[in-house]
Amino acid sequence: MVTDRVIISHESYIQPSFQERNNFRWRADIGLEMPVWKFLNFRINYLQSYESIVIENDQQQDKILTFGFTLKSF
């Protein structure tokens, strides 16, 4: 029996600096998990992050898309 539950998850935050007004970072993470079989779910996740101050030759913004499977045991 496959359950019909789809799980949507989200987590985000902003982390400002106490010393410098223009120094901050933020991150947003959203995921979707849906059943395939009774003990197996498919999961896809999107992560986007930004840092206002980074080391030289590094990017300020990252975007990552991942997917995989979750094996459940009851």
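Return the distance in nm (one decimal) between the two label points of a simple spin-label model at Leu32 and Leu65, each offset 7 Å from Cα along Cα→Cβ.
My value for the distance between the label points is 1.1 nm.
Among Arg25, Arg5, what's the order by accessible area (1.4 angstrom probe), most exposed first? Intermediate values should be presented prior to the final figure.
Working: Arg25 100, Arg5 180 Å².
In descending accessible area the options line up as Arg5, Arg25.
Once the Cβ-Cβ distance between Asn45 and Ser73 is put in as r, and R0 is 30 Å, what FRET efficiency do you end up with, to the nearest 0.05?
Numbers: r = 21 Å, r/R0 = 0.72.
In this case the efficiency is close to 0.90.
Beyond 19 Å, what share of the Cα-Cα pairs of the chain is found? Please give it as a whole percent.
Values: 1403 of 2701 pairs.
That fraction is 52 percent.
Please calculate how many Å² of accessible area the range 20-74 carries per residue, with a 1.4 Å probe and no DNA, RNA or ligand atoms counted. The partial results should precede the final answer.
On the way: 4410 Å² over 55 residues.
Computed with neighbouring chains in place, this is 80 Å² per residue.
Could you put Lys63, Lys38 in order of accessible surface area, largest first, with the 1.4 Å probe and the full protein assembly present?
Values: Lys63 130, Lys38 100 Å².
Final ranking, largest accessible area leading: Lys63, Lys38.
Just read off the accessible area of Ile53 with the full protein assembly in place, 1.4 Å probe, to the nearest 10 Å².
For Ile53, solvent-accessible area is about 80 Å².
Of Arg43, Arg21, which has the most accessible area and how do the rest follow, probe 1.4 Å? List each step's numbers first, then the result.
On the way: Arg43 70, Arg21 235 Å².
I get Arg21, Arg43, largest accessible area first.
Give me the accessible area of Val36, 1.4 Å probe, in Å² rounded to the nearest 10.
60 Å²
The values are calculated or read from the model by the stated rules, or taken from the named source; none is laboratory data. Worth saying up front: this structure is predicted, and the values here are computed from it rather than measured. Quick reminder, even Gly has a Cβ in these numbers, built from the backbone with ideal geometry, and neighbours come from all protein chains shown. Just the protein is used for accessible areas: all its heavy atoms, side chains included, with ligands, DNA and RNA removed. Shrake-Rupley method; radii C 1.70, N 1.55, O 1.52, S 1.80 Å.
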